[in-house]
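Peer 1: The structure is given below, and queries will be raised subsequently.
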Amino acid sequence: MPGSKEIERRIESNAALRGIMNAMKAFAGLNLRKTSASLPSIREYERNLKAAFADMTRHFPQTRGAARNHGLRIIVLFGSDMGLCGLFNERLADFVGKAAGKDDAVFVVGKKLAEKLDLAGFKYSGPLGSATTVEGVGSALVESFSRVANEYMAENVTDLAFVYFGLSESNDAVGIVSEKILPLEADQEPGFERRKPLLYLPPELVIREIIGEYLYISFYRCFMESLRAENWFRFRSMDGALENLDERIKGLDSLYKFFRQEEITEELIEVIESHSLADSRASRPSGGSAASRGEKD
């Protein structure tokens, strides 16, 4: 059975672990706040690009590309590079395993999600680079965007869809979102201008730039949506783990006090017994004194 020293060592170890977990919780909360603050303007910019696309195709019908009726679908699945975020990656892996068709090309963002798919024996392309902070999204997007854009330009590709965890505006509910990004449906998008816009460039070039910018900002938004949900999962996971750790430390502290009291009691008993033994020896008559008394008699 461990003594008070061993229990004290465990308390110190758990206290150090608590400090690390608190830092991770704070980091997740910071990322959650940053993504929540950035997303509204990103979504608004994306809506404006959709409206610009609708205006161009409405006023310049020649910019509408030929319909792709048969071909592959590209799915980009947004996961995480870091763990400790609950069932974030597991649920995404389970979803795509059921939703993806045999002819779909699946690109995976995030090493941890890729590991889950590897364990399930799911075939995919990637993994693509992921981001752990808001500041890292831009650099992670460079490689991912170019690879997916090049794949989509192939003639045998019809649709591009992004699959990610979405978090409600009130930060209290999450769900997996499967969002069709391309091709844009002009008739379904609201436009700005009823009059034909004045262009200084060929309409085909303008529409191409709009689609490219729209794809980029949609990719960026989904990175941010996913990062927001990931840190929501991690924040809750750390919060629950800290509660359990506090209960463990509380239990160890009670155990430490119990064992320390037992040890102190044993030490006191030893001191008392030693003192009693010394007193009994001091009060006992010595053999020499008895002999002297006998000679006198």
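Peer 1: Could you check region 72-109 and list, in sequence order, the residues that are of a type outside the set (A, V, I, L, M) and over 26 Å from LEU242 (Cα atoms)? If you could, list the steps in order and put the result at the bottom.
Peer 2: Here is the first cut: in region 72-109, the ones of a type outside the set (A, V, I, L, M) are 73, 78-81, 83, 85-86, 88-91, 94-95, 97-98, 101-104, 107.
Hits for region 72-109 are ARG73, PHE78, ASP94, PHE95, GLY97, LYS98, GLY101, LYS102, ASP103, ASP104, PHE107.
Peer 1: Residues to consider are GLU273, GLU209; find the one that is acidic (Asp, Glu) and at pLDDT 90 or above. Explain how you work it out, then say what you get.
Peer 2: On the way: GLU273 fails: at pLDDT 90 or above.
Result of the check over GLU273, GLU209: GLU209.
Peer 1: Still on this model: Being surrounded by 13 or more Cβ atoms within 10 Å (Cβ to Cβ) and part of a loop (DSSP other than H, G, I, E, B) is the filter here, so list the residues in region 192-218 that pass it.
Peer 2: GLU193, PRO197
Peer 1: Separate question: Condition test on GLY29, is it in contact (Cβ under 8 Å) with a residue 24 or more places away in the chain and either basic (Lys, Arg) or surrounded by 15 or more Cβ atoms within 10 Å (Cβ to Cβ) (or both)? Walk me through it before giving the result.
Peer 2: Values: in contact (Cβ under 8 Å) with a residue 24 or more places away in the chain: yes; either basic (Lys, Arg) or surrounded by 15 or more Cβ atoms within 10 Å (Cβ to Cβ) (or both): yes.
So GLY29 passes the test.
Peer 1: Please indicate, with yes or no, whether at least one residue in region 88-111 is among the polar types (S, T, N, Q) and touching a strand residue (DSSP E or B) at 6+ places or on another chain (Cβ under 8 Å).
Peer 2: Looking only at region 88-111, we keep the residues that are among the polar types (S, T, N, Q), and these are 89.
Subset that is touching a strand residue (DSSP E or B) at 6+ places or on another chain (Cβ under 8 Å): none.
So far as region 88-111 goes, no, none of its residues is among the polar types (S, T, N, Q) and touching a strand residue (DSSP E or B) at 6+ places or on another chain (Cβ under 8 Å).
Peer 1: Within region 162-181, is there a residue that is among the charged types (D, E, K, R), buried (at least 16 other Cβ atoms within 10 Å of the Cβ), in contact (Cβ under 8 Å) with a residue 24 or more places away in the chain and not in a helix (DSSP H, G or I)?
Peer 2: In the first step, residues of region 162-181 are kept if they are among the charged types (D, E, K, R); the result is 169, 172, 179-180.
Now restrict to residues that are buried (at least 16 other Cβ atoms within 10 Å of the Cβ): none.
Within region 162-181 (the criterion being among the charged types (D, E, K, R), buried (at least 16 other Cβ atoms within 10 Å of the Cβ), in contact (Cβ under 8 Å) with a residue 24 or more places away in the chain and not in a helix (DSSP H, G or I)), the answer is no, since none of the residues qualifies.
Peer 1: Quick check: anything in region 150-163 at pLDDT 90 or above, over 19 Å from ILE211 (Cβ atoms) and among the hydrophobic types (A, V, I, L, M, F, W, C)? Quick ask: steps written out before the conclusion?
Peer 2: If we filter region 150-163 for residues that are at pLDDT 90 or above, which is where we start, we get 159-163.
Checking the rest, the ones that are also over 19 Å from ILE211 (Cβ atoms) come to 163.
Remaining after also requiring among the hydrophobic types (A, V, I, L, M, F, W, C): 163.
Taking every residue of region 150-163 in turn, at least one turns out to be at pLDDT 90 or above, over 19 Å from ILE211 (Cβ atoms) and among the hydrophobic types (A, V, I, L, M, F, W, C).
Peer 1: Still on this structure, I have one more. Here is a check on your reading of the model: is ALA23 in a helix (DSSP H, G or I), in contact (Cβ under 8 Å) with a residue 12 or more places away in the chain, under 28 Å from PHE223 (Cα atoms) and not polar (S, T, N, Q)?
Peer 2: On the way: in a helix (DSSP H, G or I): yes; in contact (Cβ under 8 Å) with a residue 12 or more places away in the chain: no; under 28 Å from PHE223 (Cα atoms): yes; not polar (S, T, N, Q): yes.
No, not satisfied.
Peer 1: Here's something else I'd like to know. What tally of residues in region 121-142 results from selecting those that are over 16 Å from the mean Cα position of the chain (by Cα), free of Cβ contacts under 8 Å to residues at least 60 places away in the same chain and surrounded by 12 or more Cβ atoms within 10 Å (Cβ to Cβ)?
Peer 2: Result for region 121-142: 6.
Peer 1: Scan region 75-111 for residues that are buried (at least 22 other Cβ atoms within 10 Å of the Cβ) and not aliphatic (A, V, I, L, M) and jot them down.
Peer 2: PHE78, GLY79, SER80, CYS85, PHE88, ASN89, GLY110
Peer 1: Within region 196-218, work out how many residues are touching a residue at least 60 places away in the same chain (Cβ under 8 Å) and among the charged types (D, E, K, R).
Peer 2: So the answer is 3.
The values are calculated or read from the model by the stated rules, or taken from the named source; none is laboratory data. Everything quoted here is computed from the prediction, not taken from an experiment. All Cβ positions, even for glycine, are placed from backbone atoms using ideal geometry, and neighbour counts span all protein chains on display.
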